[in-house]
Amino acid sequence: MNKHARQLKIKEILRQHTVEHQHDLLLLLRDSGMIVAQATLSRDCAELGITRARINGSFRMVVPDENTEKIIKGLVGIEVLAVNANETTVIIRTLPGRAHGVGSWLDQLRSPLVLGTIAGDDTVLVIPSSVRNISALISYIHSNLSKN
(Lines give C-alpha, C1' and ligand atoms only; values in the text may rest on other atoms or scores of the structure.)
Protein backbone atom coordinates (compact mmCIF):
# COMPACT_ATOMS: atom_id res chain seq x y z
CA MET A 1 0.00 0.00 0.00
CA ASN A 2 1.45 3.35 -0.97
CA LYS A 3 1.06 6.65 0.81
CA HIS A 4 -1.31 8.13 -1.77
CA ALA A 5 -3.70 5.15 -1.59
CA ARG A 6 -3.60 5.20 2.22
CA GLN A 7 -4.38 8.91 2.37
CA LEU A 8 -7.25 8.50 -0.09
CA LYS A 9 -8.67 5.75 2.14
CA ILE A 10 -8.34 8.00 5.21
CA LYS A 11 -10.31 10.75 3.45
CA GLU A 12 -12.95 8.26 2.33
CA ILE A 13 -13.39 6.88 5.86
CA LEU A 14 -13.65 10.34 7.41
CA ARG A 15 -16.29 11.38 4.88
CA GLN A 16 -18.36 8.24 5.46
CA HIS A 17 -18.01 7.76 9.25
CA THR A 18 -18.12 9.84 12.38
CA VAL A 19 -14.61 9.43 13.77
CA GLU A 20 -13.72 11.14 17.04
CA HIS A 21 -10.10 10.03 17.57
CA GLN A 22 -7.10 8.75 15.62
CA HIS A 23 -7.42 5.44 17.44
CA ASP A 24 -10.94 5.01 16.00
CA LEU A 25 -9.60 5.87 12.54
CA LEU A 26 -6.80 3.34 12.99
CA LEU A 27 -9.37 0.62 13.76
CA LEU A 28 -11.49 1.57 10.73
CA LEU A 29 -8.40 1.41 8.51
CA ARG A 30 -7.61 -2.06 9.89
CA ASP A 31 -11.21 -3.14 9.25
CA SER A 32 -10.74 -2.08 5.62
CA GLY A 33 -7.56 -4.19 5.35
CA MET A 34 -4.96 -1.45 5.84
CA ILE A 35 -2.53 -2.05 8.68
CA VAL A 36 -1.00 1.30 9.61
CA ALA A 37 1.31 2.30 12.46
CA GLN A 38 0.04 5.04 14.78
CA ALA A 39 2.99 7.29 13.89
CA THR A 40 2.28 6.91 10.17
CA LEU A 41 -1.39 7.71 10.70
CA SER A 42 -0.48 10.77 12.73
CA ARG A 43 1.82 12.05 9.95
CA ASP A 44 -0.87 11.38 7.34
CA CYS A 45 -3.43 13.33 9.36
CA ALA A 46 -1.04 16.27 9.69
CA GLU A 47 -0.22 16.23 5.97
CA LEU A 48 -3.89 16.07 5.03
CA GLY A 49 -4.72 18.93 7.41
CA ILE A 50 -7.20 16.82 9.35
CA THR A 51 -8.51 18.55 12.44
CA ARG A 52 -11.02 17.79 15.16
CA ALA A 53 -14.07 19.99 14.96
CA ARG A 54 -17.13 20.25 17.15
CA ILE A 55 -20.12 19.26 15.04
CA ASN A 56 -23.60 18.95 16.53
CA GLY A 57 -22.25 18.93 20.07
CA SER A 58 -19.57 16.26 19.64
CA PHE A 59 -16.05 16.23 18.26
CA ARG A 60 -15.28 14.73 14.88
CA MET A 61 -12.17 14.41 12.72
CA VAL A 62 -12.67 16.32 9.48
CA VAL A 63 -10.81 16.67 6.19
CA PRO A 64 -10.49 20.28 5.06
CA ASP A 65 -11.62 21.47 1.67
CA GLU A 66 -10.63 24.76 0.02
CA ASN A 67 -13.31 26.73 1.91
CA THR A 68 -12.26 25.22 5.22
CA GLU A 69 -8.67 26.29 4.60
CA LYS A 70 -9.81 29.90 4.10
CA ILE A 71 -11.88 29.73 7.28
CA ILE A 72 -8.93 28.30 9.23
CA LYS A 73 -6.67 31.11 8.02
CA GLY A 74 -9.22 33.63 9.23
CA LEU A 75 -9.57 31.98 12.62
CA VAL A 76 -5.90 31.49 13.44
CA GLY A 77 -5.31 35.23 13.86
CA ILE A 78 -8.16 35.37 16.37
CA GLU A 79 -7.09 32.22 18.22
CA VAL A 80 -3.48 33.27 18.86
CA LEU A 81 -3.14 35.33 22.03
CA ALA A 82 0.65 35.70 22.25
CA VAL A 83 3.94 34.60 20.68
CA ASN A 84 6.90 34.42 23.08
CA ALA A 85 10.39 32.93 22.99
CA ASN A 86 13.47 32.23 25.00
CA GLU A 87 16.92 31.25 23.75
CA THR A 88 15.81 27.87 22.38
CA THR A 89 12.07 27.71 21.65
CA VAL A 90 9.01 29.69 20.69
CA ILE A 91 5.70 29.38 22.54
CA ILE A 92 2.37 30.35 21.00
CA ARG A 93 -0.47 30.90 23.50
CA THR A 94 -3.95 30.30 22.09
CA LEU A 95 -7.54 30.36 23.18
CA PRO A 96 -8.43 27.24 25.22
CA GLY A 97 -8.74 24.15 23.04
CA ARG A 98 -7.25 25.79 19.93
CA ALA A 99 -3.55 24.93 20.17
CA HIS A 100 -3.88 21.84 17.97
CA GLY A 101 -5.49 23.84 15.16
CA VAL A 102 -2.86 26.57 15.38
CA GLY A 103 -0.03 24.00 15.49
CA SER A 104 -1.51 22.20 12.49
CA TRP A 105 -1.79 25.51 10.60
CA LEU A 106 1.85 26.30 11.34
CA ASP A 107 2.94 22.80 10.25
CA GLN A 108 1.06 23.21 6.97
CA LEU A 109 3.06 26.34 6.16
CA ARG A 110 6.09 24.03 5.88
CA SER A 111 8.61 26.69 6.83
CA PRO A 112 12.26 25.65 6.89
CA LEU A 113 12.49 27.78 10.06
CA VAL A 114 10.33 25.23 11.94
CA LEU A 115 11.72 21.86 12.95
CA GLY A 116 8.41 20.84 14.53
CA THR A 117 5.51 21.72 16.78
CA ILE A 118 3.88 20.15 19.83
CA ALA A 119 0.39 21.30 20.79
CA GLY A 120 -1.38 21.08 24.11
CA ASP A 121 -4.72 22.63 24.95
CA ASP A 122 -3.81 26.32 24.80
CA THR A 123 -0.07 26.26 24.07
CA VAL A 124 1.98 25.36 21.01
CA LEU A 125 5.66 24.61 21.49
CA VAL A 126 7.47 25.58 18.28
CA ILE A 127 10.92 24.08 17.92
CA PRO A 128 13.06 26.15 15.54
CA SER A 129 15.34 24.51 13.00
CA SER A 130 18.16 26.50 14.61
CA VAL A 131 18.29 28.63 17.73
CA ARG A 132 19.99 31.29 15.60
CA ASN A 133 16.70 31.72 13.69
CA ILE A 134 14.39 32.39 16.62
CA SER A 135 13.87 36.09 15.85
CA ALA A 136 13.29 35.27 12.16
CA LEU A 137 10.82 32.55 13.20
CA ILE A 138 8.89 34.97 15.42
CA SER A 139 8.75 37.49 12.56
CA TYR A 140 7.61 34.74 10.19
CA ILE A 141 4.79 33.70 12.53
CA HIS A 142 3.66 37.29 13.04
CA SER A 143 3.74 38.03 9.30
CA ASN A 144 1.62 34.97 8.54
CA LEU A 145 -0.83 35.86 11.30
CA SER A 146 -1.26 39.34 9.84
CA LYS A 147 -2.04 37.84 6.42
CA ASN A 148 -5.16 36.19 7.87
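The values are calculated or read from the model by the stated rules, or taken from the named source; none is laboratory data. Please read all numbers here as calculations on a predicted model, not as lab measurements. When we count neighbours, we look across all protein chains shown, and the Cβ atoms used for this are built from the backbone with ideal geometry, even at glycine.
Points worth noting:
- Scanning the stretch 113-129 for residues that are surrounded by fewer than 20 Cβ atoms within 10 Å (Cβ to Cβ) and among the small types (Gly, Ala, Ser) yields GLY116, GLY120, SER129.
- Conditions (1) out of contact with any Leu (no Cβ under 6 Å at 6 or more places or on another chain); (2) modelled with pLDDT of 90 or more: number failed by VAL19: (1)
- The sole residue among ARG93, ARG110, ARG132 that is outside the structural domain of GLU47 (by TED's automatic domain parsing), surrounded by fewer than 18 Cβ atoms within 10 Å (Cβ to Cβ) and part of a loop (DSSP other than H, G, I, E, B) is ARG110.
- Some residue of the stretch 38-46 being hydrophobic (A, V, I, L, M, F, W, C), out of contact with any strand residue (DSSP E or B) (no Cβ under 8 Å at 6 or more places or on another chain) and either modelled with pLDDT under 90 or in the same structural domain as ALA119 (by TED's automatic domain parsing) (or both): yes
- The set of residues in the stretch 50-88 that are surrounded by fewer than 16 Cβ atoms within 10 Å (Cβ to Cβ) and modelled with pLDDT of 90 or more comprises LEU81, ALA82, ASN84, ASN86, GLU87, THR88.
- Of all residues in the stretch 106-120, those that are under 15 Å from the mean Cα position of the chain (by Cα) and either touching a residue at least 40 places away in the same chain (Cβ under 8 Å) or farther than 18 Å from GLY49 by Cα (or both) total 2.
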